[in-house]
Each structure stands twice: as structure tokens, then as C-alpha cells.
1. With the requirement that a residue be of a type outside the set (D, E, K, R), within 16 Å of the chain's Cα centre (by Cα) and either modelled with pLDDT under 90 or part of a helix (DSSP H, G or I) (or both), what does the range 8-22 give you?
2. Output the residues belonging to the range 23-56 that are assigned to a loop (DSSP other than H, G, I, E, B), modelled with pLDDT under 85 and surrounded by 10 or more Cβ atoms within 10 Å (Cβ to Cβ).
Amino acid sequence: MKSSAALEERVEAQQWHDLTEEIDAYGCAQTGPLLSPDECAEFAPCNSVVLPPTLARSAARWLVTGC
């Protein structure tokens, strides 16, 4: 990451009280944007993992149904 200070500011700017309430109520919460497109591109090589078919199906089912 080129600017950890900028990332730190974005993390600190999140509405943590609201996020905490959402997590308590629903078990998850969605933050606002944390990474810029350029920062995301730095992580792209890390996301090139190929899952075994069984695990891939489980992950897809979880994304669709939440269980």
C-alpha cells in the first residue's frame, strides 16, 4: 500500500457505532469504501486462488443463501 495514512483515515471515518449495531443485529455489516481501485489492484494477485470444486460449490451456496 502506498499510503497507509490515507487508509487509516478511511478506516477511522467509518461509522463504527452503526457497524457494531448491524453486526449485533445481523451478524455482518457493510463498510463504506476502504480501498481505492489502485489499492485493490495491488491485491488482485492474492485472489488468484483456485478452490477445489466441492469448496467452490459450498462457497457459492453460502453467498446465495447465507448458510
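The values are calculated or read from the model by the stated rules, or taken from the named source; none is laboratory data. It should be emphasised that the depicted structure is a prediction, and the values quoted were computed from it without experimental measurement. When we count neighbours, we look across all protein chains shown, and the Cβ atoms used for this are built from the backbone with ideal geometry, even at glycine.
1. Those that are of a type outside the set (D, E, K, R), within 16 Å of the chain's Cα centre (by Cα) and either modelled with pLDDT under 90 or part of a helix (DSSP H, G or I) (or both): Val11, Trp16, Leu19, Thr20.
2. The initial filter retains those residues of the range 23-56 that are assigned to a loop (DSSP other than H, G, I, E, B), namely 27-36, 48-52.
When the remaining residues are screened for being modelled with pLDDT under 85, the result is 35-36, 48-52.
The answer is Leu35, Ser36, Leu51.
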